[in-house]
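*Asks:* Quick one: the structure is below, and I'll ask about it shortly.
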Amino acid sequence: MDLWQLKVFCKVVELKSFSKAGAAVYLSQPTVSSHIKDLEESIGCQLIDRLPKKAVPTKAGELLYEYSKKLLSLRDEAETALAEFQGVVKGHLAVGGSTIPGVYILPHIVAKFTRKYPAVRISVALGDTDTVIEKLLSGELELGVVGAQTEDNRINQDLLFQDEMRLIVPASHKWAKMKSIALDVLQKEPFIIRESGSGTLKSIQRIFEQKGRSIRKLNVTAEMGSTEAVRQAIKAEAGVSIFSTLAVKEDVSSGQLKAIKIRGLDLTQRFYITRLKKRTPSPLCRSFFDFLKENVAP
């Protein structure tokens with residue numbers, strides 16, 4: 001099997017399209033089709049079902065996809081190890097970030113790192129905490145930064161930084177001029193939560209449980225798939241929510257939103273560099289790990 005063909009194959013599986021895969025790897029659609037056909041002939045079975053509106057892997061394709069990701073990751077590790085041996089930091093690193101670090105921390109760190117090491121290419125996958133951890137376990141990512149701890153003993157986590165969450169309300173809200181509120185009064189207010197895999201939601205659940213409370217007692221009126229969706233819903237006066245002040249820094253500065261303390265609750269959210277315990281980090285991953293620790297305040 002040819003590694004380039006495997007890369008093209010993975011793109012077809014991930015993007016569910018020959019044309020989109022071609023655009024991602026700078027090949028024409030017929031060339032992508034030719035690569036997949038050659039790969040299928042060399043293996044001796046069909047890998048992709050070509051449906052009218054999308055391309056999906058067969059059972060054999062799903063199996064090959066999992067191994068292909070590992071092979072491509074191992075190739076990247078080999079390239080970076082050889083580069084380090086020659087005194088050069090180069091290669092490709094796949095990292096993941098849950099919403100807060102993925103949007104508000106990692107882009108700036110990646111920009112600084114690639115300015116320092118221009119021969120490096122870093123791809124950042126965004127997802128909730130559970131999704132990032134799943135991709136680490138599958139070998140798709142080598143490092144992640146997430147907003148909750150996991151009980152999975154296959155995962156190792158190092159504290160990177162912490163942030164203060166607040167109750168976020170629109171400027172027109174009845175509590176907007178208050179510096180703090182009691183938790184009890186929050187229970188009747190329309191409340192917007194993140195989806196179940198969110199690190200923010202996990203942090204809120206942990207904080208409430210420490211006080212003998214449950215978020216199920218809140219008046220939850222909506223569940224959103226991202227912090228940005230929650231932010232926009234609050235602006236539209238659909239409800240209030242608790243999340244990181246990093247995500248609304250500009251809105252609070254402009255006066256569109258207000259960030260309020262909840263008395264008696266320590267709303268500290270911690271973010272962790274997250275890796276697979278049994279996976280030996282590549283030299284590039286080690287360099288990026290050290291760079292994160294040096295450039296992000298704990």
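*Asks:* Which whole-number value in Å² is the accessible area per residue of region 241-298, probe 1.4 Å?
*Replies:* 49
*Asks:* Let me ask something additional. Between T274, T221, T131, find the one with the highest GNM mean-square fluctuation for the chain; connect C-alpha pairs within less than 10 Å.
*Replies:* Comparing T274, T221, T131 in the GNM, the peak value goes to T221.
*Asks:* Quickly rank 224-231, 136-143 as a protection proxy: mean count of other C-beta atoms within 10 Å, highest first.
*Replies:* On the way: 224-231: 18.6, 136-143: 20.9.
Going from most to least packed, we get 136-143, 224-231.
*Asks:* If you don't mind, another one. Give the lysines whose C-alpha is closer than 23 Å to that of K211, dropping any in the same chain fewer than 8 places away, or say none.
*Replies:* K179, K188, K202, K261
*Asks:* Here is a further query. Given a 1.4 Å probe and heavy atoms of the protein chains only, how would you sort K258, K174, largest accessible area at the top? Let's see the in-between values first.
*Replies:* Details: K258 70, K174 145 Å².
Ranked from most to least accessible, the order is K174, K258.
*Asks:* Please check: in the Gaussian network model of the chain (C-alpha springs, under 10 Å), which one of V56, V146, V89 has the largest mean-square fluctuation.
*Replies:* Highest fluctuation of the listed residues: V56.
*Asks:* Which whole-number percentage describes the relative contact order of the chain, with Cα contacts under 8 Å and a sequence gap of 6 or more?
*Replies:* Numbers: 500 pairs, mean separation 62.3, N = 298.
In percent, rounded to a whole number, it is 21.
*Asks:* Given a Förster distance of 30 Å, report the FRET efficiency between K112 and N153 from their Cβ-Cβ distance, rounded to the nearest 0.05. Walk me through the intermediate numbers first.
*Replies:* Values: r = 33 Å, r/R0 = 1.10.
Once rounded, the FRET efficiency stands at 0.35.
*Asks:* HN-Hα J couplings of region 142-148 from phi, Karplus 6.51/-1.76/1.60, θ = phi - 60°, integer Hz, Gly and Pro as x?
*Replies:* 9, 8, x, 10, 10, x, 7
*Asks:* Could you please put S244, S214 in sequence from largest to smallest accessible area, using a 1.4 Å probe? All intermediate terms of the calculation are to be shown ahead of the outcome.
*Replies:* On the way: S244 0, S214 40 Å².
Result of the area sort, largest leading: S214, S244.
*Asks:* Related question: Restricting attention to region 13-107, which trypsin sites (Lys or Arg not before Pro) occupy a DSSP loop and are surrounded by at most 11 other Cβ atoms within 10 Å?
*Replies:* Working: sites: K16, K20, K37, R50, K53, K54, K59, K69, K70, R75, K90; in loops: K16, K53, K54, K90.
Within region 13-107, the qualifying trypsin sites (Lys or Arg not before Pro) (loop, at most 11 other Cβ atoms within 10 Å) are K53.
*Asks:* For region 79-150, what is the accessible area per residue in Å², given a 1.4 Å probe and the full set of protein chains? Write out the running numbers ahead of the final one.
*Replies:* Details: 3240 Å² over 72 residues.
Per residue, region 79-150 has 45 Å² of solvent-accessible surface.
*Asks:* Where does the charge balance sit around K112 when Lys and Arg score +1, Asp and Glu -1, over other residues with C-beta under 14 Å from its C-beta?
*Replies:* +1
*Asks:* Let me ask something else. Nearest 5 percent is fine: what portion of the DSSP beta bridges confined to the chain is antiparallel?
*Replies:* Details: 23 of 42 bridges.
Expressed as a percentage, antiparallel bridges in the chain total about 55.
*Asks:* Also, I was wondering about something else. If each of A176 and K20 carries a label point 7 Å out from its Cα toward its Cβ, how far apart are those two points in nm?
*Replies:* 4.0
*Asks:* Using a 1.4 angstrom probe on heavy atoms only, work out the carbon and sulfur share of the accessible area of the chain in %. Could you put the intermediate results ahead of the total?
*Replies:* Details: 7910 of 15410 Å².
Looking at the chain in its full context, I get 51 percent from C and S.
*Asks:* Hey, another quick one. Which value in deg cm²/dmol, rounded to the nearest 500, describes the helix-derived mean residue ellipticity at 222 nm for the chain, given -39,500 (n - 2.57) per DSSP H run of n ≥ 4 and division by the residue count? Don't skip to the answer; put the middle values down first.
*Replies:* Values: 12 runs with 134 residues, N = 298.
Helices in the chain give a 222 nm mean residue ellipticity of -13500 deg cm²/dmol.
*Asks:* Let me ask something else about it. Compute a Gaussian network model of the chain, connecting alpha carbons closer than 10 Å, and tell me which residue from E223, E164, E40 fluctuates the most.
*Replies:* E40
The values are calculated or read from the model by the stated rules, or taken from the named source; none is laboratory data. Computed from a predicted structure; not experimentally measured. Cβ atoms come from the backbone with ideal geometry, glycine included; neighbour counts cover every protein chain shown. Note: accessible area is taken over every heavy atom of the protein model, side chains too, but ligands, DNA and RNA are not part of it. Shrake-Rupley method; radii C 1.70, N 1.55, O 1.52, S 1.80 Å.
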